[in-house]
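Trainee: Before I ask anything, here is the structure I am working with.
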Amino acid sequence: MLASQESERLTVGDIVAVLRDRAFALLVVLLGLPNCLPMPPPIPLVCGLVLLVIAIQIVAGMSAPWLPRRLLNQSIARATVEKAVNRAVPLLRRLERWSRPRLSVFDGAVGMRGMGVLILALALALIVAPPFFGQIPLGLAVSLIGLGLVERDGFVVLIGLLIGGVGVGISIGFVYTLFASLMGAFAWLSQAIPGLGL
């Protein structure tokens, strides 16, 4: 278990080793949990990159997760992981007691691959989410989707997708605003400095 690890930082490899026999769904939950709270960079970026790799494997129909060594060696402060998990797990446990198998549209191979496509979209949004607070809807969405897949509860998955839609919208707005600001700055510089050619 992660609790037995003595180092001050936990690598992605440590986490995957614990979940290796529990397939993709619990890994999806775990990647969402740290982002349910305000977190500094690069935590959302690392979680988003790992989730992206996981989503691609779900789409490809792989039976067990595989991660490249470079991602496995990425680390997160142990205290940060423990803080996120300790705050989020009680809520998820209450939800787990309420959850039950229903709306099993995601049970089959085709449904899981479709789910992989949706998780991939959430992963991309997480990678470009606004710092500190912008990833929270995406973290909640990913955690709910993973829990719904663990419990085979399509209703929980749908709630996660609805929340994820809000998170994706926030990320798109952030990227658009950033891009528009950069283009505006380039336009101003090109006018202020003749011959700059921006």
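Trainee: Please verify whether L91 is open to solvent by 50 Å² or more (accessible area, probe 1.4 Å), at pLDDT 85 or above, on the phi < 0 side of the Ramachandran plot and not small (G, A, S), treating the condition exactly as stated.
Mentor: Details: open to solvent by 50 Å² or more (accessible area, probe 1.4 Å): yes; at pLDDT 85 or above: no; on the phi < 0 side of the Ramachandran plot: yes; not small (G, A, S): yes.
Against the criterion (open to solvent by 50 Å² or more (accessible area, probe 1.4 Å), at pLDDT 85 or above, on the phi < 0 side of the Ramachandran plot and not small (G, A, S)), L91 does not qualify.
Trainee: With (1) part of a helix (DSSP H, G or I); (2) open to solvent by less than 40 Å² (accessible area, probe 1.4 Å); (3) in contact (Cβ under 8 Å) with a residue 40 or more places away in the chain as the list, and G134 as the residue in question, which single condition is left unmet?
Mentor: Every listed condition holds for G134 apart from (1).
Trainee: Return the only residue of G139, G148, G160, G154 being free of Cβ contacts under 8 Å to residues at least 40 places away in the same chain and open to solvent by less than 80 Å² (accessible area, probe 1.4 Å).
Mentor: Of the residues listed, the single one that is free of Cβ contacts under 8 Å to residues at least 40 places away in the same chain and open to solvent by less than 80 Å² (accessible area, probe 1.4 Å) is G160.
Trainee: List the helices (runs of 4 or more DSSP H) inside the range 1-84, counting only whole elements, that have at least 1 residues being at pLDDT 75 or above and open to solvent by 40 Å² or more (accessible area, probe 1.4 Å).
Mentor: 23-32, 43-60, 69-72
Trainee: OK, next. How do the pairs read when you match residues in the range 100-124 that are part of a strand (DSSP E or B) with residues anywhere that are open to solvent by 50 Å² or more (accessible area, probe 1.4 Å), using Cβ under 9 Å and keeping only pairs 6 or more apart or on different chains?
Mentor: R102/R152; R102/F155
Trainee: Residues in the range 53-79 that are within 16 Å of the chain's Cα centre (by Cα) and of a type outside the set (A, V, I, L, M, F, W, C): how many?
Mentor: 4
Trainee: Can I ask one more? Restricting attention to the range 94-116, which residues are under 20 Å from the mean Cα position of the chain (by Cα) and either closer than 17 Å to F24 by Cβ or at pLDDT 75 or above (or both)?
Mentor: First pass over the range 94-116, keeping only residues under 20 Å from the mean Cα position of the chain (by Cα): 95-96, 106, 111-116.
Once the filter is applied, which keeps residues that are under 20 Å from the mean Cα position of the chain (by Cα) and either closer than 17 Å to F24 by Cβ or at pLDDT 75 or above (or both), the range 94-116 yields F106, G111, M112, R113, G114, M115, G116.
Trainee: Is there a residue in the range 145-153 that is of a type in the set (V, I, T) and more than 25 Å from A25 (Cβ to Cβ)? Give the steps one after another, and end with the answer.
Mentor: Going through the range 145-153, the residues of a type in the set (V, I, T) turn out to be 145, 150.
Cutting the leftovers down to more than 25 Å from A25 (Cβ to Cβ) gives us none.
No; the residues of the range 145-153 include none that is of a type in the set (V, I, T) and more than 25 Å from A25 (Cβ to Cβ).
The values are calculated or read from the model by the stated rules, or taken from the named source; none is laboratory data. As the structure is a computational prediction, the values presented were derived from the model and not from experiment. Note that each Cβ is placed from the backbone with ideal geometry, even for glycine, and that neighbours are counted across all protein chains shown. For the accessible areas, the whole protein counts, side chains as well, though only heavy atoms, and no ligand, DNA or RNA atoms are used. Shrake-Rupley method; radii C 1.70, N 1.55, O 1.52, S 1.80 Å.
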